Amino acid sequence: MRKRLSKKESWFKKNNFTAEDEIYVGIDVHKVHYHVAIWHNGRIGCVYSMSSDNNKLLQDLKRIRGEGTFDICIGANRTAGVR
């Protein structure tokens, strides 16, 4: 039986990111989980929640970086537990 990909994994798989892409990432930081929204070339690319694991978040960000750069906005308050 073939494993079904999540919406996030499907989105990452179908997009080839280049230096010309316009990418913005918004991250809402909580103690238990992060909410991530990715704006890709003028459209909502992907919105998902994940456990608050900085290493996994960095893996996702590296996947969309390609050869270019992107802007990130992080929303956190003093109780968010940002490490």
Contact order normalised by residue count of the chain, Cα under 8 Å, 6+ apart, percent: 36
What distance in nm separates the two pseudo spin-label positions at residue 35 and residue 55, each 7 Å out from Cα along the beta-carbon direction? 2.7
Order these by the 10 Å Cβ neighbour count, fewest first: 65, 43. 43, 65
What angle, in degrees between 0 and 90 and rounded to the nearest 10, separates the Cα long axis of helix 54-65 from the longest principal axis of the Cα atoms of the chain? 30
If each residue's Cβ is checked for other Cβ atoms within 10 Å, how do 38, 74, 23, 44 rank with the fewest at the top? 44, 74, 23, 38
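Restricting to the range 25-75, compute how many DSSP beta bridges are antiparallel as a %, nearest 5.
Once the DSSP bridges in the range 25-75 are tallied, antiparallel ones form about 75 percent.
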Rg (one decimal) and Dmax (whole number) from the Cα set of the range 1-56, in Å, equal 12.8, 38
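Where a number appears in this text, it was derived from the coordinates with a stated rule and is not lab data. The shown structure was predicted, so the numbers you read here are calculated from the model rather than taken from an experiment. Counting neighbours? That spans all protein chains shown, and the Cβs are built from the backbone with ideal geometry, glycine included.
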